[in-house]
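The values are calculated or read from the model by the stated rules, or taken from the named source; none is laboratory data. Bear in mind that the values here come from a model prediction, so they are computed numbers and not experimental data. Every residue, glycine among them, receives a Cβ derived from its backbone with ideal geometry; neighbour counts consider all protein chains shown. Heavy atoms of the whole protein, side chains included, go into the accessibility calculation; ligands, DNA and RNA do not. Shrake-Rupley method; radii C 1.70, N 1.55, O 1.52, S 1.80 Å.
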Amino acid sequence: DTEVTQTPKHLVMGMTNKKSLKCEQHMGHRAMYWYKQKAKKPPELMFVYSYEKLSINESVPSRFSPECPNSSLLNLHLHALQPEDSALYLCASSLAGTSGGVNTGELFFGEGSRLTVL
Amino acid sequence: AQSVAQPEDQVNVAEGNPLTVKCTYSVSGNPYLFWYVQYPNRGLQFLLKYITGDNLVKGSYGFEAEFNKSQTSFHLKKPSALVSDSALYFCAALSPRGWGKLQFGAGTQVVVTP
């Protein structure tokens, strides 16, 4: 299984709502990522989890809250979002670097969750 | 500052003709280099990567890329383009010191006409 599965595919929410995006992979990858992508632009890194621990937070506003319940699952909790947060949210996974090492493997991306904030 | 440049916003090519998508990088050390493709309303798909070794890397769907250290380039090529190759292509680099943080280029839209 070489898939990263994201749900929901589409999400419309108001600025006062609380919702979550979910991501799942069964490739045994121990690094998982959240990216935000605007139309025709490159993905922007938000968070990286390595071995279920948050290793990178790219100064993302606290209205985005990541969670990694186990090695296969990654969630992104959304609360009090702004219309400018509307975007495609991509989850990805990869092999994790060994201690002190660097992961040289490619990222496997999910199909994304298209978020619209009204 | 580290960066990846894709100098062309769009590349137009007729089906059956060679396709080249350009990428240059400015990343410290010996970066790892990647190409990804994105079809409309889809996630990114990995095409190929260069870590070390042979400068010509072969990847998925008939694509290949040539690493040139002196020119700090990693151009993507396909000998004969298909209409189905029309998509958005991203070059990306990973610094050995930047674990987990891929540096993406701005992307190049490829349009293959029948």
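Where nothing but the Cβ of Lys and Arg (+1) and of Asp and Glu (-1) is charged, how large is the charge dipole of the protein assembly as shown around its Cα centre, in debye to the nearest 20?
So the dipole magnitude of the protein assembly as shown works out to roughly 360 debye.
Find out how many positive minus negative residues lie around A:Tyr89, taking Lys and Arg as positive, Asp and Glu as negative, among other residues whose Cβ is under 10 Å from that of A:Tyr89.
That works out to +1.
Largest first and in whole Å, what are the equivalent-ellipsoid semi-axes of the protein assembly as shown based on the Cα gyration tensor, each being the root of 5 times an eigenvalue?
The three semi-axes for the protein assembly as shown are 30, 21, 15 Å.
Can you compute 3J(HN,Hα) from phi for each residue in segment B:84-89, using the Karplus curve 6.51 cos²θ - 1.76 cosθ + 1.60 with θ = phi - 60°, rounded to whole Hz and x for Gly and Pro?
Rounded to whole hertz, the list is 5, 7, 4, 5, 9, 10.
Take every residue in peptide B:79-88, count the Cβ atoms of other chains within 10 Å of its Cβ, and give the average of those counts.
0
If the rule is a partner Cβ under 4.7 Å, which cysteines in the protein assembly as shown fail it?
By the Cβ distance rule, which asks for a partner under 4.7 Å, the isolated cysteines are A:Cys68.
When the Kirkwood hydrodynamic radius is evaluated over all pairs of different C-alpha atoms of chain A, what value in angstrom, to one decimal, is obtained?
It works out to 14.3 Å.
Could you grab the Rg to Rh ratio for chain B? Cα atoms only, Kirkwood for Rh.
For chain B, the value is 0.96.
Given charges of +1 on the Cβ of Lys and Arg and -1 on the Cβ of Asp and Glu, with all other atoms neutral, how large is the dipole of chain B about its Cα centre, in debye to the nearest 20?
360
Net charge around B:Phe90, counting only other residues with Cβ within less than 14 Å of its Cβ (Lys, Arg = +1; Asp, Glu = -1)?
+2
Could you grab the relative contact order for chain A? Cα pairs under 8 Å, six or more apart, rounded to a whole percent.
Here the relative contact order equals 36 percent.
Sorting B:Asp9, B:Asp85 by accessible area (1.4 Å probe), largest first, what list results?
B:Asp9, B:Asp85
Please compute the average number of Cβ atoms from other chains found within 10 Å of each residue's Cβ in peptide B:101-110.
Counting Cβ atoms of other protein chains within 10 Å of each residue's Cβ and averaging gives 3.
If you add up the charges near B:Leu56, with Lys and Arg at +1 and Asp and Glu at -1, over every other residue whose beta carbon is less than 12 angstrom from its beta carbon, what do you get?
Charge balance in the 12 Å sphere: -1.
Order these peptides, B:29-38, A:17-26, by their mean beta-carbon neighbour count within 10 angstrom, highest first.
In decreasing order of mean packing, B:29-38, A:17-26 become B:29-38, A:17-26.
Between the alpha-carbon centers of segment A:63-81 and segment B:9-53, tell me the distance in whole angstrom.
The distance from the Cα centre of segment A:63-81 to that of segment B:9-53 comes to 30 Å.
Project the alpha carbons of segment A:1-40 onto their principal axes and report the range along each, largest first, in whole Å.
In descending order, the Cα extents are 36, 25, 16 Å.
Averaged over peptide B:42-52, how many Cβ atoms belonging to another chain are found within 10 Å of each residue's Cβ?
Per-residue shielding by partner chains comes out at 5.
Among the listed pairs A:Lys19/A:Lys53; A:Lys22/B:Lys69; A:Lys41/B:Lys101; B:Lys22/B:Lys101; A:Lys18/B:Lys49; A:Lys38/B:Lys49, which have their C-alpha atoms separated by more than 28 angstrom in this model?
A:Lys22/B:Lys69; A:Lys18/B:Lys49, as the Cα separations exceed 28 Å there.
For B:Asn68 and A:Glu58, what does the FRET efficiency come to when R0 = 30 Å and r is the distance between their Cβ atoms, rounded to the nearest 0.05?
0.45
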